[in-house]
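Below is one structure; the comments refer to it alone.
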Amino acid sequence: MRPSIGFCSSDSRRHYPAQPAVAVSIAVFRRGEVLLASRTAPPHADLFTLPGGLVETGETLESAALRELREETGILARMVGFNQPVQHIVRDDCGRVERHYVILSFAGIWLDGEGRAGPEAGEILWRAPENLFGLPVTPGLADVIAGAKRIVDGAR
């Protein structure tokens, strides 16, 4: 028997959304390595992923990706192009959609900054895309990075 809906509720605007949230991420490359940041909050707390976040009203996708990169890590990058969409859908024990993000992933090239941890990025590291083994990463990250690397390599 499934629990009643009353047992699966939350007050957060990101929990049980009326529609998907639009977010962006960016794979930034420097000397053959990609920038990764560990998440400090759900979803995927303590896992490494690409910097990113929600798009603000009136903001272009590209501007949002570069802003989130700068805010989370202090890194500046040049946008190279769009990579791919990523979907993140989580259902609760009642089967209701608890979280739904549509993340539009971009590729970029490092310009400046060494990276710094902060409220959203617990740890910053640069890693060769083929050397993610053993690193706790978000689902599908290796494929997203591989696609971004092809875009960056094609732009050089």
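The values are calculated or read from the model by the stated rules, or taken from the named source; none is laboratory data. Just so we're clear, the structure is a prediction, and the values are computed from it rather than from any experiment. Cβ coordinates were reconstructed from backbone atoms using ideal geometry, including for glycine residues, and neighbour counts include every protein chain displayed.
For the stretch 118-149, taking the residues that are small (Gly, Ala, Ser) and free of Cβ contacts under 8 Å to residues at least 60 places away in the same chain, the one that is surrounded by the fewest Cβ atoms within 10 Å (Cβ to Cβ) is identified as 134.
A search for C-beta distances below 8 Å between a residue of the stretch 42-66 that is within 22 Å of residue 17 (Cα to Cα) and of a type outside the set (Val, Ile, Thr) and any residue that is in a loop (DSSP other than H, G, I, E, B) and modelled with pLDDT of 95 or more, counting only pairs 6+ apart in sequence or on different chains, returns 61/55; 64/55; 64/56. Each residue in the stretch 130-156 was checked for being part of a loop (DSSP other than H, G, I, E, B) and closer than 25 Å to residue 41 by Cβ, and 7 of them qualify. Under the condition of being loosely packed, with under 13 Cβ neighbours inside 10 Å and closer than 17 Å to residue 141 by Cβ, the residues counted in the stretch 91-107 number 0.
Going through the stretch 108-117 one residue at a time, which ones are in a strand (DSSP E or B) and either surrounded by 15 or more Cβ atoms within 10 Å (Cβ to Cβ) or touching a residue at least 60 places away in the same chain (Cβ under 8 Å) (or both)? Correct list: 108, 109, 110. If the condition is being surrounded by 13 or more Cβ atoms within 10 Å (Cβ to Cβ), out of contact with any Phe, Trp or Tyr (no Cβ under 8 Å at 6 or more places or on another chain) and among the β-branched types (Val, Ile, Thr), then the stretch 60-85 contributes only 73.
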